[in-house]
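Engineer: Following this message is one structure expressed as structure tokens.
The values are calculated or read from the model by the stated rules, or taken from the named source; none is laboratory data. Everything quoted here is computed from the prediction, not taken from an experiment. Here the Cβ positions follow ideal geometry from the backbone for every residue, glycine too, while neighbour counts run over all protein chains shown.
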């Protein structure tokens, strides 16, 4: 009986540890906000060209687990993205980009930033870690004519 109890306790502990590890893979709202503020400061201190190169580096300082910085201009053109798709997305106008439910993403960012300098926008997007389409919320800030953001995948 003791062996059975120990086995069940060990199994429960293993489940707790593995669920904690999965939770640790996902970034938090606070981490997303902090990363955006870091990117904004970097753009202001180093200029757009140097900042975009740093943001486009998928192994650089602006990528952390499922969290990465993206930058668009206010016309919807992708300027930088840290998710490894920079070569496919940079320079492309993605104003009409929609999520899995048909919701306009970039237009949503622009609408949000038309009334304030920063905030959260919800949509669905593929998670680069799990490869599944998941609910996502992105924190965006306006810097001059740029939208700087990072998003978290909701659980």
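Engineer: If you check residue 129 against the conditions, is it outside any strand (DSSP E or B) and in contact (Cβ under 8 Å) with a residue 40 or more places away in the chain?
Structural biologist: In short, yes.
Yes/no per residue for (1) at pLDDT 95 or above; (2) not in a helix (DSSP H, G or I):
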{"site": "22", "(1), (2)": "no, no"}
{"site": "35", "(1), (2)": "yes, no"}
{"site": "38", "(1), (2)": "yes, no"}
{"site": "42", "(1), (2)": "yes, no"}
{"site": "55", "(1), (2)": "yes, no"}
{"site": "58", "(1), (2)": "no, yes"}
{"site": "75", "(1), (2)": "yes, yes"}
{"site": "83", "(1), (2)": "no, yes"}
{"site": "95", "(1), (2)": "yes, yes"}
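Engineer: Could you grab me the full set of residues in segment 43-57 that are out of contact with any strand residue (DSSP E or B) (no Cβ under 9 Å at 6 or more places or on another chain) and farther than 20 Å from residue 84 by Cα?
Structural biologist: Of everything in segment 43-57, those that are out of contact with any strand residue (DSSP E or B) (no Cβ under 9 Å at 6 or more places or on another chain) and farther than 20 Å from residue 84 by Cα turn out to be 45, 46, 47.
Engineer: Of the numbered conditions (1) closer than 20 Å to residue 121 by Cα; (2) at pLDDT 95 or above; (3) outside any helix (DSSP H, G or I), residue 91 fails exactly one; give the number of that condition.
Structural biologist: (1)
Engineer: Then there is this: Scan 142, 116, 124 and give me the residue that is part of a strand (DSSP E or B) and farther than 22 Å from residue 65 by Cα.
Structural biologist: 142
Engineer: Can I ask one more? Looking for something in contact with a helix residue (DSSP H, G or I) (Cβ under 8 Å, 6 or more places away or on another chain) and within 22 Å of residue 137 (Cβ to Cβ) - is there at least one such residue anywhere in segment 98-115?
Structural biologist: Within segment 98-115 (the criterion being in contact with a helix residue (DSSP H, G or I) (Cβ under 8 Å, 6 or more places away or on another chain) and within 22 Å of residue 137 (Cβ to Cβ)), the answer is no, since none of the residues qualifies.
Engineer: How many residues does segment 107-128 contain that are at pLDDT below 95 and loosely packed, with under 14 Cβ neighbours inside 10 Å?
Structural biologist: Qualifying residue count, segment 107-128: 4.
Engineer: Can you tell me which of 140, 133, 40 is surrounded by fewer than 15 Cβ atoms within 10 Å (Cβ to Cβ) and touching a strand residue (DSSP E or B) at 6+ places or on another chain (Cβ under 6 Å)?
Structural biologist: 133
Engineer: Please pick out the residue among 68, 72 that is within 20 Å of residue 54 (Cα to Cα), touching a helix residue (DSSP H, G or I) at 6+ places or on another chain (Cβ under 7 Å) and surrounded by 14 or more Cβ atoms within 10 Å (Cβ to Cβ).
Structural biologist: 72
Engineer: Considering segment 60-73 alone, what residues qualify as being in a loop (DSSP other than H, G, I, E, B) and without any contact (Cβ under 8 Å) to a residue 24 or more places away in the chain?
Structural biologist: 60, 61
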